[in-house]
Amino acid sequence: MISITEWQKIGVGITGFGVFFILFGILLYFDSVLLAFGNLLFLTGLSLIIGLRRTFSFFFQRHKLKGTSFFLGGVVIVLLRWPLLGMLLEAYGFISLFKGFFPVVFGFLGSALNIPFLSTLFQRLQGSSGSMV
């Protein structure tokens, strides 16, 4: 059993609030204050979940410096109240940083098709979208 510390629990909550504020800022036509607050909460929560040393070593690995510079540069641009450009830079940096995790996520989503309830749901959704054509 994996033990989770209180700081990690707080980090999960803060990260969740960060994602919420980012999505809410995007929904409200790239509100720079909400996006900036969401970015700060997300990075703070990530640091609390995996620790400062691991966060620093993840972002500043030699082969991830390009993605890190775009991601953190996008955060700075959002803080300087240029939200659209900042979010574009952040998105590119995020994709560049986490491109190694995407095959794992897609593999998990592919295995989700074998779950009985989800497979029938996906079949129904696929059947309803095909009949509309």
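List of remarks:
- Which listed residue is β-branched (Val, Ile, Thr), under 25 Å from Gly100 (Cα atoms) and either open to solvent by 60 Å² or more (accessible area, probe 1.4 Å) or out of contact with any Pro (no Cβ under 6 Å at 6 or more places or on another chain) (or both), from Ile26, Ile50: Ile50
- Only residues that are assigned to a helix (DSSP H, G or I), touching a helix residue (DSSP H, G or I) at 6+ places or on another chain (Cβ under 9 Å) and surrounded by fewer than 18 Cβ atoms within 10 Å (Cβ to Cβ) were counted across the range 97-108, and they come to 1.
- Pick from the range 63-78, criterion within 15 Å of Lys99 (Cα to Cα) and free of Cβ contacts under 8 Å to residues at least 24 places away in the same chain, ranking: nearest to the chain's Cα centre (by Cα): Leu65
- If you filter the range 54-84 down to residues that are of a type outside the set (A, V, I, L, M, F, W, C) and more than 28 Å from Val33 (Cβ to Cβ), you find that the one that is surrounded by the most Cβ atoms within 10 Å (Cβ to Cβ) is Lys64.
The values are calculated or read from the model by the stated rules, or taken from the named source; none is laboratory data. This is a predicted model, so every value here is computed, not measured. Don't worry about glycine lacking a Cβ; one is built from the backbone with ideal geometry, like all the others, and counts go over all protein chains shown. For the accessible areas, the whole protein counts, side chains as well, though only heavy atoms, and no ligand, DNA or RNA atoms are used. Shrake-Rupley method; radii C 1.70, N 1.55, O 1.52, S 1.80 Å.
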